[in-house]
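Enquirer: Supplied in structure tokens, the structure appears directly below.
Nothing in this text is a laboratory measurement; each read-out follows from the coordinates by a stated rule. Not measured: the values here are computed from a predicted model. Cβ placement follows ideal geometry from the backbone for every residue including glycine, while neighbour counts extend to all protein chains displayed.
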Amino acid sequence: MGAVIDWSGAVLIPPGRYTLGFVDYRTAVYFQKAAKLVLTFRVLDAGEHFGIVLDRYYNVQRLTTKPGKRGGFKIGPRSDFLREYCTLFPERCARRLDRIPITEPFSGAYVVGDVQTVARDYAQRTIPDPVRYSKIVALLKVAGP
């Protein structure tokens with residue numbers, strides 16, 4: 001029997017660019033084989049979406065520790081995470097792909113991210129409106145401290 005999905009964490013906000021503050025990160029394995037790095041951010045823009053929590057998902061080559069909060073991972077040399085990380089923090093661009101600091105550079109930074117609505121599932125089937133949700137699809141630049 002499959003895992004039960006708790007929709008209480010899925011939120012839907014209008015697509016667009018938002019200022020985001022880093023909350024934490026975790027590693028996970030989806031579909032029993034897809035290793036992922038998940039960065040969690042909070043919307044900092046004033047208004048009705050202030051405080052909403054959204055995730056940014058990245059593929060990683062492999063996990064170096066058990067999946068979970070602040071787990072270890074190794075990324076590929078052409079991965080989306082490495083490209084975004086080096087765009088945001090060029091002075092910290094990593095030489096070792098299995099030892100990239102996340103908490104320290106992200107914790108003090110406000111990041112501009114592109115948020116989109118997920119309207120199709122993994123098999124490209126349309127997701128009904130009541131269960132659509134938002135996710136961060138790109139981290140674009142550091143916006144402040």
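Enquirer: Applying the Karplus parametrisation 6.51 cos²θ - 1.76 cosθ + 1.60 with θ = phi - 60° to the phi angles of the range 25-33, what ³J(HN,Hα) value in whole Hz is obtained for each residue in order, glycine and proline being reported as x?
Expert: 9, 8, 10, 7, 10, 10, 6, 6, 8
Enquirer: Once fully extended, how much extra length lies between Gln61 and Thr103, figured as 0.36 nm per residue of separation less the alpha-carbon to alpha-carbon distance? Display every interim value, and only then the final one.
Expert: Details: separation 42, 0.36 × 42 = 15.12 nm, distance 2.00 nm.
My answer for the length gained is 13.1 nm.
Enquirer: Percent antiparallel among DSSP beta bridges with both residues in the range 19-144, to the nearest 5? Can you show the working numbers first?
Expert: Values: 34 of 35 bridges.
Bridges in the range 19-144 are about 95 percent antiparallel.
Enquirer: Follow-up. Scale the Cα Rg of the chain by the rule-of-thumb value 2.2 N^0.38 Å and send over the ratio, two decimals. All intermediate terms of the calculation are to be shown ahead of the outcome.
Expert: Details: Rg = 15.5 Å, N = 145, 2.2 N^0.38 = 14.6 Å.
The reported ratio for this selection is 1.06.
Enquirer: Counting only helical runs of four or more DSSP H residues, what would the 222 nm mean residue ellipticity of the chain come to if each run contributes -39,500 (n - 2.57) and the total is spread over all its residues?
Expert: Working: 2 runs with 14 residues, N = 145.
When only DSSP H runs of four or more count, the value is -2500 deg cm²/dmol.
Enquirer: Amide H to amide H under 5 Å from Ala138: which residues, 5+ apart in sequence or cross-chain, H placed 1.01 Å off N in plane?
Expert: Those qualifying (amide H under 5 Å, at least 5 residues apart or on another chain) are Asp114.
Enquirer: So for each of 29-35, 101-107, 113-119 I average, over its residues, the number of other beta carbons within 10 Å; can you give me the resulting order with the highest mean first? Before the final figure, lay out each step's value.
Expert: Numbers: 29-35: 10.9, 101-107: 13.7, 113-119: 15.9.
Result, highest mean first: 113-119, 101-107, 29-35.
Enquirer: Please compute the modelled spin-label separation between Val142 and Ala34, points set 7 Å along Cα→Cβ, answer in nm with one decimal.
Expert: Rounded to a tenth, the inter-label distance reads 3.1 nm.
Enquirer: What is the projected area of the convex hull of the Cα atoms of the range 73-144, averaged over all directions, in nm²?
Expert: Details: hull surface 25.3 nm².
If I average the Cα hull's projected area over directions, I get 6.3 nm².
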